[in-house]
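K.L.:
Submitted below is the structure of interest, expressed as structure tokens.
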Ligand SMILES: Cc1cc2nc3c(=O)[nH]c(=O)nc-3n(C[C@H](O)[C@H](O)[C@H](O)COP(=O)(O)OP(=O)(O)OC[C@H]3O[C@@H](n4cnc5c(N)ncnc54)[C@H](O)[C@@H]3O)c2cc1C
């Protein structure tokens, strides 16, 4: 009997990496992608004559799946680490460097000089009270249900929450610490707290469990190169990628696209297509090329997180990409930056808002915006993957399976469970959706616009 083809829905990193695995195992593979390009939340765009990532720009090095894939694709030598300069927090009345040894902004050494600078001496002493307060006595599950804001506030005080944790949480999750469950922010921290009973040692233990050195890595030329290399490898392996193919229904053994049924072994790598989406969030990334001699001195290290409530700033965070990544180093006073916005400024105001934000966030007074490119992303942040069903559904990978970030997605796709599921002689898939789960009407509000300035 001829083996069923593997039908992968979604050509983001999850779908492409899965397709590459399946094709390497000798399976016939068809990737169906709704949009007109591959990569999903990874995309390179030109700004100021250089290419820069508009979506994911790095991956966590833990687990090694990202580095392994780069090696396999012949890009191993292109792996690069960000410069180890500190990031800053923009808060009223003045900015301060984010303490170097924190976890989610939680200081592991509350009386260190950089924490005292950020919190003031009374604030640092209050944070250090974590050491003398009665230990937290509860299991990881119970602790995980508390909010990060509640736990940090009780153990280290309001100032540590507002000036250290909130800016980081806002930058990473678009949320306030008071609204973020600890289990969502860091299940490892919930477990460490259950063990240590105190916040600073628990945060230190989680940090120590990460590999030494930088926690994240990038690719010289952009993470987008990883997608291009994967697509090239798929072509070499004879896999087919169909763009503009909007899948409207999925089951374990078939999909419906353009009203037509296609039979095969189905893998869903499109967030929102199966399972339950509990939250979506929209974020606009603006990449800008600006001329400024004052930025040559890297006045805010690799970038700035904006504390909630900081006055006069529209952006939520700024990355000084030319400082963070050596391959994007400034030339002739031209710097590349990435700013993120909850609510994007309209096209006619964009250059002015970017210039004002860059000037206020970095302190540079000679900022001239040369070029900007914007991309609005809608992310399905709260995906509850499908549970076990009586009739097995499709294999689910990527963000669609509730995972987030390249490291977690690649570790899963390249892990034994998935390989076993793809192997003709293999076992059943690790995660299965209820059969016949209808595809959701999913309209991403993505704007893709470019404003070139004189
Ligand atoms: C601005 C931004 C910055 C980020 N930064 C980082 C970072 O630095 N490090 C990190 O690890 N992660 C980062 N992430 C997260 C990371 O990019 C994602 O977790 C990852 O790329 C998700 O990959 P995926 O393949 O699961 O989904 P996606 O990339 O979303 O791909 C899914 C694909 O499925 C397609 N699709 C959807 N519905 C259908 C359908 N019905 N039929 C056919 N196709 C469909 C979509 O068009 C899309 O191409 C960032 C994300 C964003 C938006």
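Every read-out reported here was derived from the displayed coordinates using simple, explicitly stated rules and does not represent laboratory data. Small disclaimer: the values here were computed from a predicted structure and weren't measured. Backbone-built Cβ (ideal geometry, glycine too); neighbour counts: all protein chains shown.
K.L.:
Using a 7 Å offset from the Cα along the Cα-to-Cβ direction at both residue 81 and residue 135, what is the distance between the two label points in nm, to one decimal?
P.N.:
Here the answer is 3.5 nm between the modelled labels.
K.L.:
With runs of 4+ DSSP H residues as the only contributors, calculate the mean residue ellipticity of the chain at 222 nm using -39,500 (n - 2.57) per run, divided by the residue total and rounded to the nearest 500. Walk me through the intermediate numbers first.
P.N.:
Values: 14 runs with 132 residues, N = 454.
The helix-only estimate for the chain comes to -8500 deg cm²/dmol at 222 nm.
K.L.:
Using R₀ = 30 Å, calculate the FRET efficiency as 1/(1 + (r/R₀)^6) where r is the Cβ-Cβ separation of residue 294 and residue 235; round to 0.05.
P.N.:
Details: r = 46 Å, r/R0 = 1.53.
Efficiency at R0 = 30 Å is approximately 0.05.
K.L.:
Can you give the Rg and Dmax of region 280-379 based on its C-alpha atoms, in angstrom?
P.N.:
In Å, with Rg to one decimal and Dmax whole: 12.7, 40.
K.L.:
Against the longest alpha carbon principal axis of the chain, how many degrees, from 0 to 90 and to the nearest 10, is the axis of helix 13-24 turned?
P.N.:
The answer is roughly 40 degrees.
K.L.:
Among 348, 145, what is the fewest-to-most ranking by other Cβ atoms within 10 Å? Intermediate values should be presented prior to the final figure.
P.N.:
Details: 348 8, 145 12.
With the sparsest Cβ surroundings first, the list reads 348, 145.
K.L.:
On a 0 to 90° scale, report how tilted helix 224-236 is relative to the longest principal axis of the chain, with both axes built from alpha carbons and the result rounded to the nearest 10.
P.N.:
Compared with the principal axis, the helix lies near 10 degrees.
K.L.:
Turning to a different aspect of this structure: Find the percent of Cα-Cα distances in region 219-345 that exceed 21 Å, and round it to a whole number.
P.N.:
Working: 5067 of 8001 pairs.
Summing the P(r) of region 219-345 above 21 Å gives 63 percent of all pairs.
K.L.:
While we're here: Report, to the nearest 10°, how far helix 113-128 tilts away from the longest principal axis of the Cα atoms in the chain, using its own Cα long axis and a range of 0 to 90°.
P.N.:
Result, in degrees: 90.
K.L.:
If you average the C-alpha positions of region 118-184 and of region 1-48 separately, how far apart do those two centres end up, in angstrom?
P.N.:
Result: 40 Å between the Cα centres.
K.L.:
Relative to 2.2 N^0.38 Å, what does the C-alpha radius of gyration of region 161-266 come to as a ratio? Two decimals please. Before the final figure, lay out the partial values.
P.N.:
Numbers: Rg = 21.9 Å, N = 106, 2.2 N^0.38 = 12.9 Å.
Working it through for region 161-266, the quotient is 1.69.
K.L.:
Hey, rough spin-label estimate for residue 311 and residue 142, points 7 angstrom out along Cα→Cβ, what's it come to in nanometres?
P.N.:
Once both label points are built, they end up 4.4 nm from each other.
K.L.:
Subtract the Cα-Cα distance of residue 420 and residue 404 from 0.36 nm times their separation in residues, and report this length gain in nm to one decimal. Provide the component values of the computation, followed by the final result.
P.N.:
On the way: separation 16, 0.36 × 16 = 5.76 nm, distance 2.23 nm.
Extra length from residue 420 to residue 404 when fully extended: 3.5 nm.
K.L.:
Now for a different question. Given R₀ = 41 Å, what would the calculated FRET efficiency be for residue 280 paired with residue 332, taking r from the Cβ atoms and rounding to 0.05? Could the numbers behind the result be given before it?
P.N.:
On the way: r = 41 Å, r/R0 = 1.00.
About 0.50, to the nearest 0.05.
K.L.:
What order do you get for 283, 7 when you list them from fewest to most C-beta neighbours inside 10 Å? It would help to have the intermediate numbers written out before the result.
P.N.:
Working: 283 18, 7 26.
Starting with the residue having the fewest Cβ neighbours, the order is 283, 7.
K.L.:
Shifting gears a bit: Is the shape of the chain rounded, prolate or oblate, going by the alpha carbon gyration tensor and its root eigenvalues a ≥ b ≥ c, with a/c under 1.5 for rounded and a/b larger than b/c for prolate? Walk me through the numbers before you get to the answer.
P.N.:
Numbers: a/c = 1.98, a/b = 1.34, b/c = 1.48.
Oblate.
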